[in-house]
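Student: First the structure, then my questions, so here it is.
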Amino acid sequence: QVQLVESGGGLVQAGGSLRLSCADSGRMFNSYHMGWFRQAPGNKREFVARINFSGSRTSYADAVKGRFTISRDNAKNTLYLQMNSLKPEDTAVYSCAASRIFTADAQRYDYWGQGTQVTVSS
């Protein structure tokens, strides 16, 4: 079982940084590929970044490439998203998710956290 809890969201000025964390209290974290998704009000959920179970492969949405970094610490059962050079359009609820498949398709993810709000002011 995977149980995900995000933290680290908040209010930041444009150009600033935040680091999101996603902790799994279950025992299967290192068996799952992980992803970050976000959803702004009135918008569909969108893929942000993904990482494979070992951390050796990552990929990013074009909108965040070069600014965001996804990583994981399997010893701590924790996923991270380092967000730099934040823009107002990055404002959204960010959620982590776990999947048996290395994919950017949200529908293929089996477990989700509750989400954490990120607000970037201009």
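Student: So the check is Cβ under 6 Å with 6+ separation or different chains; which pairs have a first residue in region 1-21 that's within 12 Å of W36 (Cβ to Cβ) and among the polar types (S, T, N, Q) and a second one that's surrounded by 13 or more Cβ atoms within 10 Å (Cβ to Cβ) and modelled with pLDDT of 95 or more?
Tutor: S21/S7; S21/G8; S21/T78; S21/Y80
Student: Next question. Among the numbered conditions (1) surrounded by 15 or more Cβ atoms within 10 Å (Cβ to Cβ); (2) under 18 Å from V120 (Cα atoms); (3) acidic (D, E), tell me where E89 comes up short.
Tutor: Evaluating E89 over (1) surrounded by 15 or more Cβ atoms within 10 Å (Cβ to Cβ); (2) under 18 Å from V120 (Cα atoms); (3) acidic (D, E) leaves (1) as the failure.
Student: Which condition from (1) open to solvent by 50 Å² or more (accessible area, probe 1.4 Å); (2) outside any loop (DSSP other than H, G, I, E, B); (3) at pLDDT 95 or above; (4) of a type outside the set (A, V, I, L, M) is the one that N30 breaks?
Tutor: (3)
Student: Considering only residues of region 66-103 that are of a type outside the set (S, T, Y), assigned to a loop (DSSP other than H, G, I, E, B) and in contact with a Ser or Thr (Cβ under 7 Å, 6 or more places away or on another chain), which is nearest to S17 (Cα to Cα)?
Tutor: N84
Student: Which of (1) over 14 Å from V118 (Cβ atoms); (2) within 11 Å of the chain's Cα centre (by Cα) does S21 not meet, given it meets every other one?
Tutor: Status for S21: all satisfied but (1).
Student: Does Q117 count as touching a strand residue (DSSP E or B) at 6+ places or on another chain (Cβ under 7 Å), open to solvent by 40 Å² or more (accessible area, probe 1.4 Å) and under 27 Å from R27 (Cβ atoms)? Reasoning before the result, please.
Tutor: On the way: touching a strand residue (DSSP E or B) at 6+ places or on another chain (Cβ under 7 Å): yes; open to solvent by 40 Å² or more (accessible area, probe 1.4 Å): yes; under 27 Å from R27 (Cβ atoms): no.
So Q117 does not fit the description; no.
Student: Another question about this same structure. When you check V48 against the structure, is it part of a strand (DSSP E or B), touching a strand residue (DSSP E or B) at 6+ places or on another chain (Cβ under 8 Å) and open to solvent by less than 10 Å² (accessible area, probe 1.4 Å), yes or no?
Tutor: On the way: part of a strand (DSSP E or B): yes; touching a strand residue (DSSP E or B) at 6+ places or on another chain (Cβ under 8 Å): yes; open to solvent by less than 10 Å² (accessible area, probe 1.4 Å): yes.
Against the criterion (part of a strand (DSSP E or B), touching a strand residue (DSSP E or B) at 6+ places or on another chain (Cβ under 8 Å) and open to solvent by less than 10 Å² (accessible area, probe 1.4 Å)), V48 qualifies.
Student: Return the only residue of Q3, Q13, Q39 being touching a Gly at 6+ places or on another chain (Cβ under 6 Å) and either farther than 19 Å from V118 by Cα or open to solvent by 20 Å² or more (accessible area, probe 1.4 Å) (or both).
Tutor: So the residue among Q3, Q13, Q39 that is touching a Gly at 6+ places or on another chain (Cβ under 6 Å) and either farther than 19 Å from V118 by Cα or open to solvent by 20 Å² or more (accessible area, probe 1.4 Å) (or both) is Q3.
Student: Looking at R27, is it among the basic types (K, R) and free of Cβ contacts under 8 Å to residues at least 40 places away in the same chain?
Tutor: Yes, satisfied.
Student: Another question, then. Determine which single condition T58 fails, assuming it passes every other condition in (1) open to solvent by 10 Å² or more (accessible area, probe 1.4 Å); (2) in contact (Cβ under 8 Å) with a residue 24 or more places away in the chain.
Tutor: For T58, the exception is condition (2).
Student: Moving on to the next point. For a quick check of your reading of the model, give me the residue pairs whose first member lies in region 95-122 and is free of Cβ contacts under 8 Å to residues at least 40 places away in the same chain, whose second is of a type in the set (S, T, Y) and surrounded by 12 or more Cβ atoms within 10 Å (Cβ to Cβ), with beta-carbon atoms closer than 7 Å and at least 6 apart or on different chains.
Tutor: From region 95-122, the pairs are R108/S99.
The values are calculated or read from the model by the stated rules, or taken from the named source; none is laboratory data. Fair warning: this is a prediction, and the values are worked out from it, not measured in the lab. We place every Cβ from the backbone using ideal geometry, glycine too, and count neighbours over all the protein chains shown. The accessibility values were calculated without ligands, DNA or RNA, using every heavy atom of the protein model including side chains. Shrake-Rupley method; radii C 1.70, N 1.55, O 1.52, S 1.80 Å.
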